[in-house]
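Below you'll find the structure, written out as structure tokens, and then a few comments.
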């Protein structure tokens, strides 16, 4: 019985703290909002031929300085050390030697020929003849580029 009473007291205390927290949050929001003009004062009417002024309650919300997203400065990824760095160099060397197939994403770990084979399999399963023709053209272009590289 004593435990039940203690549990109820803890629950009541937690509810009281949650209400206080919500009240403080609401007060903080009210302080952050700029004072608004009273609703009884109406903005001046637009002259003939002018656009109607935007009402605060209609359409898009008004942007405040703290609601505008500020772009962060993007820095290049740091050079990795050890084995991951070795793998990065191997990948960069392969990309320089072999290149990528047309349409192959830069982060694809597949060899260009493997990627084209995979794309062809998907196109065959979907019955997409147009995509198969694109893949055939991409294969021909890739082979031509490889022949040029080997001729150097």
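Restricting the search to the stretch 119-132, which residues are assigned to a helix (DSSP H, G or I) and in contact with a helix residue (DSSP H, G or I) (Cβ under 9 Å, 6 or more places away or on another chain)? Spell out how you get there, then give the answer.
The initial filter retains those residues of the stretch 119-132 that are assigned to a helix (DSSP H, G or I), namely 119-126, 129-132.
Selection gives 119, 120, 122, 123, 124, 129, 130, 131, 132.
Identify all residues within the stretch 89-117 that are assigned to a helix (DSSP H, G or I), surrounded by 13 or more Cβ atoms within 10 Å (Cβ to Cβ) and at pLDDT 80 or above; write none if there are none.
112, 113, 114, 115, 116, 117
Can you find a residue in the stretch 61-80 that is modelled with pLDDT of 80 or more and in a loop (DSSP other than H, G, I, E, B)?
Yes, the conditions are met somewhere in the stretch 61-80.
In this structure, does residue 151 turn out to be at pLDDT below 80, out of contact with any helix residue (DSSP H, G or I) (no Cβ under 7 Å at 6 or more places or on another chain) and surrounded by 12 or more Cβ atoms within 10 Å (Cβ to Cβ)?
no
The values are calculated or read from the model by the stated rules, or taken from the named source; none is laboratory data. Source: prediction; values computed, not measured. Using ideal geometry, Cβ is built from the backbone for each residue, glycine included, and neighbour counts are taken over all protein chains shown.
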